[in-house]
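I'd like to ask some things about the structure below.
The values are calculated or read from the model by the stated rules, or taken from the named source; none is laboratory data. Please read these numbers as outputs of a predicted model, since none were measured by experiment. Cβ placement follows ideal geometry from the backbone for every residue including glycine, while neighbour counts extend to all protein chains displayed. The area values use the complete protein model at the heavy-atom level, side chains included, leaving out ligands, DNA and RNA. Shrake-Rupley method; radii C 1.70, N 1.55, O 1.52, S 1.80 Å.
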Amino acid sequence: MGRHVFGPIHSRRLGLSLGVDLVRAKTCSLDCIYCEAGATTCATLERRDEAGVDGVIAELREVLSKKPAVDFVTFSGAGEPTLNSRIGDVIRFLQQEFSQYRTCLLTNACGFSDPELRRELSGLTLVIPSLDASCEEEFRAINRPVSGLVFETFLAGLQAFCQESTSVIDLELFMVPGINDSDASIRRFCDILRTLRVRKVQLNTLDRPGTDPRVQPAVPETIRRFTEAFSPIVPVEVVGSGSLPGEPRTAGPVRTELACEIRELLAKRDMTVPELAEALHADPALIARILARKNG
């Protein structure tokens with residue numbers, strides 16, 4: 001693969017996904033304490049085309065012309081895709097030349113307050129925005145936004161996008177024990193969900209090491225509390241390492257998906273640990289441990 005197109009990799013949510021990385025690592029408007037891609041090194045709200053979208057389009061044309069059997073072409077990577085000022089050009093290219101492929105955007109939704117960005121994103125098959133906070137205090141504790149970004153503006157943008165977009169929207173909510181899992185937090189989340197048009201809520205919890213080692217996976221009882229509160233409002237799907245009481249659990253942190261992704265990439269070609277870490281946006285030390293167990 002090229003500099004900006006990676007995979008395809010197996011995703012628990014998207015099946016076989018061809019990734020498109022439109023920003024330099026780690027460019028983001030947030031510095032989330034759970035982020036497995038590492039700490040934000042370029043914190044910004046400014047939208048630029050540092051990736052060089054013309055080159056991205058050339059890479060996509062080369063890869064997709066071979067008609068790979070992928071379920072989604074996904075805008076993701078080690079940063080916030082919507083910070084590329086020409087993401088709309090890539091979406092239009094895919095619509096015009098490769099409309100047979102479904103498209104997905106993984107986003108922190110912080111740019112949705114911009115009407116122009118919301119227009120640029122029209123035509124995406126699926127959008128998965130994140131909502132991890134129910135108030136300003138949680139927003140600052142979990143997401144650590146860039147200066148000038150406040151929760152009220154973020155939420156208003158998310159609400160506007162949900163009202164206007166014709167894409168399928170699956171909302172991802174990351175449970176952070178001790179910060180956003182109180183009864184009061186869950187009630188506020190419920191109030192917010194009633195204002196959003198989403199297909200479902202994906203409850204997520206710690207799967208791989210984040211930027212703050214104090215963050216731990218949510219326990220089954222916490223997941224149940226969220227699920228029971230949200231289910232009367234919107235369908236709920238539990239992803240990540242979480243499971244409910246009575247469901248099978250995987251011992252220790254769940255790494256099965258990452259191991260499968262590593263195996264699939266190595267089946268295509270030999271790759272070093274740094275190359276795997278870059279392609280999968282995972283901790284190199286974790287990849288090395290998985291490979292050591294595999295070869296041991």
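Working only within region 43-89, note down all residues that are outside any loop (DSSP other than H, G, I, E, B), farther than 30 Å from Thr211 by Cα and either β-branched (Val, Ile, Thr) or free of Cβ contacts under 8 Å to residues at least 60 places away in the same chain (or both).
Quick first cut of region 43-89, residues outside any loop (DSSP other than H, G, I, E, B) only: 43, 48, 53-64, 72-76, 79, 81-84, 87-89.
From what's left, farther than 30 Å from Thr211 by Cα: 54-55, 57-64, 88-89.
Matches in region 43-89: Asp54, Gly55, Ile57, Ala58, Glu59, Leu60, Arg61, Val63, Leu64, Gly88, Asp89.
Sticking with this structure for a sec: Please work out which residue is nearest to the chain's Cα centre (by Cα), limiting yourself to region 169-187 and to residues that are charged (D, E, K, R) and buried (at least 16 other Cβ atoms within 10 Å of the Cβ). Talk me through it step by step, then tell me what you get.
We begin by selecting, within region 169-187, every residue charged (D, E, K, R); these are 170, 172, 181, 183, 187.
Still in the list and also buried (at least 16 other Cβ atoms within 10 Å of the Cβ): 170, 172, 181.
Details: Asp170: 11, Glu172: 8, Asp181: 20 Å.
Of everything passing the filter in region 169-187, Glu172 is nearest to the chain's Cα centre (by Cα).
Among the numbered conditions (1) out of contact with any Pro (no Cβ under 7 Å at 6 or more places or on another chain); (2) in a helix (DSSP H, G or I), tell me where Pro177 comes up short.
(2)
Take Thr125 and tell me if it is over 16 Å from the mean Cα position of the chain (by Cα) and either modelled with pLDDT under 95 or among the polar types (S, T, N, Q) (or both). Before the answer, list the steps.
Numbers: over 16 Å from the mean Cα position of the chain (by Cα): no; either modelled with pLDDT under 95 or among the polar types (S, T, N, Q) (or both): yes.
The answer is no for Thr125.
Let me ask something additional. Could you check region 57-68 and list, in sequence order, the residues that are of a type outside the set (Ser, Thr, Tyr) and either out of contact with any strand residue (DSSP E or B) (no Cβ under 7 Å at 6 or more places or on another chain) or open to solvent by less than 30 Å² (accessible area, probe 1.4 Å) (or both)?
Here is the first cut: in region 57-68, the ones of a type outside the set (Ser, Thr, Tyr) are 57-64, 66-68.
Once the filter is applied, which keeps residues that are of a type outside the set (Ser, Thr, Tyr) and either out of contact with any strand residue (DSSP E or B) (no Cβ under 7 Å at 6 or more places or on another chain) or open to solvent by less than 30 Å² (accessible area, probe 1.4 Å) (or both), region 57-68 yields Ile57, Ala58, Leu60, Arg61, Glu62, Val63, Leu64, Lys66, Lys67.
Based on this model, can you work out whether Leu106 counts as touching a strand residue (DSSP E or B) at 6+ places or on another chain (Cβ under 7 Å), part of a strand (DSSP E or B) and either of a type in the set (A, V, I, L, M) or surrounded by 16 or more Cβ atoms within 10 Å (Cβ to Cβ) (or both)? Steps first, answer last, please.
Working: touching a strand residue (DSSP E or B) at 6+ places or on another chain (Cβ under 7 Å): yes; part of a strand (DSSP E or B): yes; either of a type in the set (A, V, I, L, M) or surrounded by 16 or more Cβ atoms within 10 Å (Cβ to Cβ) (or both): yes.
The answer is yes for Leu106.
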